[in-house]
Amino acid sequence: MKPSAMSKRKLKESSAESAESISQLLVKTTMHLARNYFWVQKILRERFCHHFCAAGKLFGMEQQYRHLLELLRRTTVHGESNSALVIGPRGSGKTALLNHVLKDLREMTQVRENLLEVHLNGLLQTNDKVALKEITRQLQLENVVGDKVFGSFAENLAFLLEALRKGNRTSSCPILFVLDEFDLFVHHKNQSLLYNLFDISQSAQTPVTVIGLTCRQDILELLEKRVKSRFSHRQIYLMNSFDFKQYIKIFKNQLSLPAEFPDEPFAQKWNNNVQHLSEDKAVQDVLQKLFHHSKDLRSLHLLLMLAVSAVTVHHPLLTAADLQEASRQHSTDSKANIVHGLSVLEICLIIAMKHLNEVYDGEPFNFQMVYNEFQKFIQRKAHSMYNFEKPVVMKAFEHLLQLELVQPLERPSARAQREFLLLKLLLDSSQIMEALQLYPNCPTDVKQWAASSLSWL
């Protein structure tokens, strides 16, 4: 009897040990997966949020990169002054290009370490006085300026630059001025900031380079004659000229994990999965739709950010369904979402406006016309719809104005009658019909009324 009792005890101990080892293995696996999940999220989110290029690549702007790098290298190494404009639509990569160039410039051994950078933005520095304060702050010259009084902007700027000299004229510190939203600086009084910066960049004194970033193609036409004459007329254009095949390559590059990823087998598995996704027909349809809507990388980064948000410890790899869901969220119509929260009366008024748009071919309408159209519908469907009084309908109409679903063509004056103010609807027919399909408990008569004028489609 004793041996059997001992064997039972041993069996119990061994099973307890195996259960413990299994639980430890599960904990280790979970921790390993959690670590991988953390690194995937960190690397990719940082790339998408800050618009970094994977593996140091710039897509379709290698020539512009070389041009700008050489320009800034000559300023920092040889002390040459220059000026240039980087022009391209929003999201084309102007800031990404400049950041990439500056990053590579700082890593060059022959570049002096004392390159000074001043970053100004037309949305923040709304006049020359604010801009000068910001220049003083970024150059850390608040103590030098102190309580001195200057006669003009040019004197103040010249004093600031003079303060940067290091003993003699040949060893001045090179300064890079980056003007984001450059077109907004054009509207400053007399364009004094631009005139003085370009004037210094033309002189043989302090080495200064002025780089402007703008999305306006006609920017040179906005410059005053004296400012234009001091500008070097160097223009670097970014136009997103890649085709869909290159767009797929960019998609792969942006989603791929780098070679230095801590867990190499997982990185290989992830990158293979990305390769399969790029060949998937459903994913290509999602990317094709985005490509035709907007070729800029900012939109692609937003789509990928939404997709990567679906990755968890228990769902470690991206799927085509994740990208389809991200595309749906990315293209969600905010105005159509507002319609879902409207009352049935407000929905009826929007349908009345839609009919007026179709009858009068998009001509503006007023409240009285909308009310008459609504009354026609009520008379036809008196058995199923409640006939609201005119002040109630007016209140509902004003709510649509507040939600900016309807917009007045001109600013209403105190004497103008509200009923006859000309307006336009900011929703098109397809948006209204899609919103009605998802509208909870929408009366059938209202749906039929909305679709009645679409019978010709």
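The values are calculated or read from the model by the stated rules, or taken from the named source; none is laboratory data. These numbers were taken from a predicted model, which means no experiment stands behind them. Cβ coordinates were reconstructed from backbone atoms using ideal geometry, including for glycine residues, and neighbour counts include every protein chain displayed. These area figures cover heavy atoms from the full protein model, side chains too; ligands, DNA and RNA do not enter into them. Shrake-Rupley method; radii C 1.70, N 1.55, O 1.52, S 1.80 Å.
State whether one or more residues within region 78-90 are closer than 15 Å to Leu213 by Cα, in the same structural domain as Leu194 (by the TED database), open to solvent by less than 10 Å² (accessible area, probe 1.4 Å) and among the β-branched types (Val, Ile, Thr). So far as region 78-90 goes, yes, one or more of its residues are closer than 15 Å to Leu213 by Cα, in the same structural domain as Leu194 (by the TED database), open to solvent by less than 10 Å² (accessible area, probe 1.4 Å) and among the β-branched types (Val, Ile, Thr).
Taken over region 422-444, the criterion of being in a loop (DSSP other than H, G, I, E, B), more than 14 Å from Ile338 (Cβ to Cβ) and open to solvent by less than 30 Å² (accessible area, probe 1.4 Å) is satisfied by Cys442 alone.
Looking at Leu176, Leu184 in this structure, which one is in a strand (DSSP E or B) and either closer than 26 Å to Leu97 by Cα or touching a strand residue (DSSP E or B) at 6+ places or on another chain (Cβ under 7 Å) (or both)? Walk me through how you get there before you give the answer.
On the way: Leu184 fails: in a strand (DSSP E or B).
Testing whether each residue is in a strand (DSSP E or B) and either closer than 26 Å to Leu97 by Cα or touching a strand residue (DSSP E or B) at 6+ places or on another chain (Cβ under 7 Å) (or both) leaves just Leu176.
When you look at Asp445, is it at positive phi and either in contact with a helix residue (DSSP H, G or I) (Cβ under 9 Å, 6 or more places away or on another chain) or at pLDDT 80 or above (or both), yes or no? Please lay out each step first, then the result.
Working: at positive phi: no; either in contact with a helix residue (DSSP H, G or I) (Cβ under 9 Å, 6 or more places away or on another chain) or at pLDDT 80 or above (or both): yes.
Spelling it out, it is not the case that Asp445 is at positive phi and either in contact with a helix residue (DSSP H, G or I) (Cβ under 9 Å, 6 or more places away or on another chain) or at pLDDT 80 or above (or both).
In the list Gln368, Gln375, Gln402, Gln417, which residue meets the criterion of being modelled with pLDDT of 85 or more and open to solvent by 60 Å² or more (accessible area, probe 1.4 Å)? Outline the logic, then answer.
Working: Gln368 fails: open to solvent by 60 Å² or more (accessible area, probe 1.4 Å); Gln375 fails: open to solvent by 60 Å² or more (accessible area, probe 1.4 Å); Gln417 fails: modelled with pLDDT of 85 or more.
So the residue among Gln368, Gln375, Gln402, Gln417 that is modelled with pLDDT of 85 or more and open to solvent by 60 Å² or more (accessible area, probe 1.4 Å) is Gln402.
Cβ-Cβ contacts under 8 Å between residues 6 or more apart (or on different chains), taken from a first residue in region 420-449 that is of a type in the set (Ser, Thr, Tyr) to a second residue that is part of a helix (DSSP H, G or I), are listed as Ser429/Lys354; Ser429/Asn357; Ser429/Glu358; Tyr439/Val339; Tyr439/His340; Tyr439/Ile347. Evaluated against (1) of a type in the set (A, V, I, L, M, F, W, C); (2) over 28 Å from Ile219 (Cα atoms); (3) at pLDDT 80 or above, Leu97 falls short on exactly one condition, (2). Out of the residues in region 382-394 that are modelled with pLDDT of 85 or more and touching a helix residue (DSSP H, G or I) at 6+ places or on another chain (Cβ under 9 Å), state the one that is least open to solvent (accessible area, probe 1.4 Å). My answer is Val393.
Taking the listed residues Leu317, Leu306, Leu277, Leu257, the one that is surrounded by 15 or more Cβ atoms within 10 Å (Cβ to Cβ), in contact with a His (Cβ under 7 Å, 6 or more places away or on another chain) and within 29 Å of Met31 (Cα to Cα) is Leu306, with no other qualifying.
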